[in-house]
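So the structure is just underneath, and the comments pick up after that.
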Amino acid sequence: MIIDYITGKITEKRENGVVVEANGIGFFINVSNLTKANLPPTGNTITIYVYQYFKENEQEFYGFCSKEERNVFLDIISIPEIGPKIAMSLLSSASLPFLKKAVVENNVKFISSLPGIGKKTAEKIIFGLRDKIKKWAITAEEERLVEYTEINTVISALKALGYNISEYKDILGEVVRANPQNAKAEEIIRQVLQKIGKK
């Protein structure tokens, strides 16, 4: 039986996933940082879209807050020798606009800088996604975010400070939209940190 989604109560949040109780069964579901950032507090009921990964006598669930994120995950694991763990690492470390931009620009350096991904794997990912990214739904606001000239400087600085970009991408996008395209990276970083502090 193929399960498309699970609706249930979040009973526990772990570092790399959540436990969702549905019909008296607790499902451990691996999730990306993007999905984790969008989850409500423990005790709330959610609907999470899943992918069942079968390996020998085991199976794992990978969960997503939207069908769009799951479709991107499926695009990534369709690449030969690229499995769910690498796909989740990609989705946890880079939002879709930046991943798309890196593929379009053949930016091996950016993708190979993500956790668990070396140069050869990055090259394979770029080659495998080149034709698939055309169907990815990227909003105009997300496009504007990646077009900001100092965005790489801002992201590098926030990562160095220990912040996960996927978790705070909405705040980053809000700040970039509120500022001119030629805004200094230092000012964007200051405003982002100020908003994170008020969260």
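What follows draws every value from the coordinates through simple rules; no lab data is involved. Everything numeric here is computed off the predicted structure, so don't read it as measured data. Neighbour counts are summed over all protein chains in view; Cβ atoms, including those assigned to glycine, are modelled from backbone coordinates with ideal geometry.
Only Cα pairs under 8 Å and at least 6 apart count here; give the relative contact order of the chain as a rounded whole percent. Answer for the chain is 15 percent.
Once the Cα-Cα distance is subtracted from the 0.36 nm per residue extended length, the residue 177 to residue 54 segment shows a gain of 40.0 nm.
Multiplying the sequence separation of residue 16 and residue 119 by 0.36 nm and subtracting their Cα-Cα distance, what value in nm do you get? Walk me through the intermediate numbers first.
Numbers: separation 103, 0.36 × 103 = 37.08 nm, distance 2.44 nm.
Residue separation times 0.36 nm, minus the Cα-Cα distance, leaves 34.6 nm.
According to the calculation over all Cα-Cα pairs in the chain, the P(r) per 10 Å bin from zero is 8, 33, 34, 20, 4, 0 %.
Per residue, the convex hull around the alpha carbon atoms of region 68-135 comes to 74 Å³. How many percent of the alpha carbon pairs in region 5-64 exceed a separation of 14 Å? Cα-Cα pairs of region 5-64 separated by over 14 Å account for 50 percent. Put in line by how crowded their Cβ is, counting other Cβ atoms within 10 Å and starting with the fewest, 170, 75 read 170, 75. Restricting region 10-115 to GluC sites (Glu not before Pro) that sit in a DSSP loop and have at most 12 other Cβ atoms within 10 Å of their own Cβ leaves 15, 56, 81, 105.
Return the calculated 222 nm mean residue ellipticity for the chain, to the nearest 500 deg cm²/dmol, obtained by summing -39500 (n - 2.57) across DSSP H runs with n ≥ 4 and dividing by the residue count. Don't jump to the answer; show the numbers that get you there.
Working: 10 runs with 94 residues, N = 199.
Taking each H run of at least 4 residues, the total per residue is -13500 deg cm²/dmol.
When DSSP assigns beta bridges and you keep just the ones with both residues in region 5-64, what percent turn out antiparallel, to the nearest 5? Present the calculation step by step, with values, prior to reporting the outcome.
On the way: 23 of 26 bridges.
Expressed as a percentage, antiparallel bridges in region 5-64 total about 90.
In the distance distribution for region 11-126, Cα-Cα pairs more than 22 Å apart total 35 percent.
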